[in-house]
1. Cβ-Cβ under 7 Å, sequence separation 6+ or interchain: first residue in segment 232-245 and part of a loop (DSSP other than H, G, I, E, B), partner surrounded by fewer than 18 Cβ atoms within 10 Å (Cβ to Cβ). Which pairs?
2. Which count do you get for residues in segment 145-175 that are hydrophobic (A, V, I, L, M, F, W, C) and more than 16 Å from ligand 2 (Cβ to nearest atom)?
3. Of the residues K171, K144, K187, K191, which is over 25 Å from D267 (Cβ atoms) and touching an Asp or Glu at 6+ places or on another chain (Cβ under 6 Å)?
4. Can you name the condition, by its number, that P110 falls short on among (1) crowded, with 24+ Cβ neighbours inside 10 Å; (2) under 30 Å from V248 (Cβ atoms)?
5. Within segment 220-231, how many residues are within 14 Å of ligand 2 (Cβ to nearest atom) and either of a type in the set (G, A, S) or without any contact (Cβ under 8 Å) to a residue 40 or more places away in the chain (or both)?
6. Filter segment 131-187 down to residues that are more than 16 Å from ligand 1 (Cβ to nearest atom), within 18 Å of the chain's Cα centre (by Cα) and of a type in the set (F, W, Y), then give me how many there are.
7. Do any residues in segment 114-126 that are at pLDDT 95 or above have Cβ atoms under 8 Å from those of residues that are of a type in the set (K, R), where the two are at least six apart or on different chains, and which pairs are they?
8. List pairs: first residue in segment 292-303 and free of Cβ contacts under 8 Å to residues at least 60 places away in the same chain, second residue surrounded by 10 or more Cβ atoms within 10 Å (Cβ to Cβ) and among the acidic types (D, E) anywhere in the structure, Cβ distance under 8 angstrom, at least six positions apart or on different chains.
Amino acid sequence: MKKLSLLGSTGSIGTQALDVVRGLSRGGFPVQVEVLAARSNIRLLEEQIREFRPAAAVVYDPVAAQELRVRIRDLQVPVLEGIEGLCEAAAWDTADMTLNAVVGMVGLRPTLAAIRAKKTVALANKETLVAGGRIVMGEAEQNKVSILPVDSEHSAIFQCLQGCPEEKALKKLILTASGGPFWGWTKEELKNITPAQALKHPNWSMGAKITVDSATLMNKGLEVIEASWLFGVAPESIEVVVHRESIVHSLIEYRDHSVIAQLGLPDMRIPIQYALTFPQRLHSQVEELRLWEYGTLTFSEPDRETFRCLPLCIQAMERGGLVPAAVNGANEKAVELFLAGKIGFLDIPDLVQAAMEHQPDTDRMDLEAVLQADREARCFVEETA
Ligand code: NDP
Ligand code: MG
């Protein structure tokens, strides 16, 4: 039986992961949920605790944690809190896999805690790899721990790579991008975008932060960095192609120019399930892909002039060091300000770029330095905006 610690259980990925767990358990692949963790949504967390009966729960926010303790006193499920609670959940003794589906940099320490406790990590929390890729991958190698991608593009590449004969046979990775809700718009038209408009994604239903990232194409930039760390591929060997239908989730090209792709409906339960059951493939609740209903699949070049966050991320990766951490932190803050109505849509790339230029080059690369670069970038954006 698989034993799972689920961080971010009340979010878009978290709730879909629990749906996968239900489906797998019905299909004879029982998954025991050992820990559930969230930030403050204790109403949903309580429902999940009553259904899945974990050994413990974590609520990041201490006030909400106390309220949950009162609400579930009949169950005798301990409720931990804060970053220590999250790290404890990530390294939970009886779990063998940790699915990290929290949003943002707060996921970095829990990911490291899971790796150090030698748990297999199913990773949705891409910010972790963008900011601390070198540390995370280094520790994973040291501890001989697998990091299984949950992000759909990375799961697609991971799936295509099963059967790759040798590392040097691989020529490049090709990430697909939906283009988001504003694909084809001009800068002039983007000026007055409201948060409500940015939160409507054409193909995927996701949390607020990643939905805005998809609209700015920052998400694809973060994903290029994520792919570079996960698969050990240099940035210049990673291509991005806009594919509006979100059916081809990504591709790999071999040196003989044969290209292998993974296709499916745009439903995160497919990559989540693959991470949970890897290397097995089991029956899915997601519908079959009926290609004839689509007729045509389209591909085009990204518009890097209008959607500057994508090239900014590539530049950040090329500069390396703490620059990706600064870019990620600046973006998290800028998205928060945009969603609060305090800055415009086009201020996001401006602030990310300014924070990137403000970040000095350095050789220092340890957890404290990454967390500090993140904090400073957030402050910089707050003061500059
Ligand atoms: P959501 O905003 O929907 O959910 C975030 C989850 O993280 C919630 O459970 C939230 O708890 C929890 N959380 C946030 N902050 C903390 C904290 N400080 N401590 C503990 N828990 C916390 O995000 P998504 O599910 O959309 O995204 C999660 C991650 O997966 C992101 O990194 C995203 O980039 C990545 N991803 C998401 C995809 C998607 O389809 N949604 C696709 C590919 C990647 P609470 O509800 O209490 O606030
Ligand atoms: Mg993705």
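1. So the pair list comes out as H243/L297; H243/T298; H243/F299; R244/T298; E245/Y294; E245/L297; E245/T298.
2. Let us first name the residues in segment 145-175 that are hydrophobic (A, V, I, L, M, F, W, C), namely 145, 147-148, 150, 156-158, 160-161, 164, 169-170, 173-175.
Restricting the remaining residues to those that are more than 16 Å from ligand 2 (Cβ to nearest atom) gives 145, 161, 164, 169-170.
Qualifying residue count for the region: 5.
3. Only one candidate passes the filter, namely K171.
4. For P110, the failing item is (2).
5. Filtering segment 220-231 down to residues within 14 Å of ligand 2 (Cβ to nearest atom) leaves 220-227, 230.
Going one step further and asking which of them are either of a type in the set (G, A, S) or without any contact (Cβ under 8 Å) to a residue 40 or more places away in the chain (or both), we end up with 221, 227.
Number satisfying all stated conditions: 2.
6. The total comes to 0.
7. Short answer, once both residue conditions are applied: K118/K144.
8. So the pair list comes out as Y294/E245; L297/E245; T298/E245.
The values are calculated or read from the model by the stated rules, or taken from the named source; none is laboratory data. This is a predicted model, so every value here is computed, not measured. Virtual Cβ from ideal backbone geometry, glycine too; neighbours counted across all protein chains shown.
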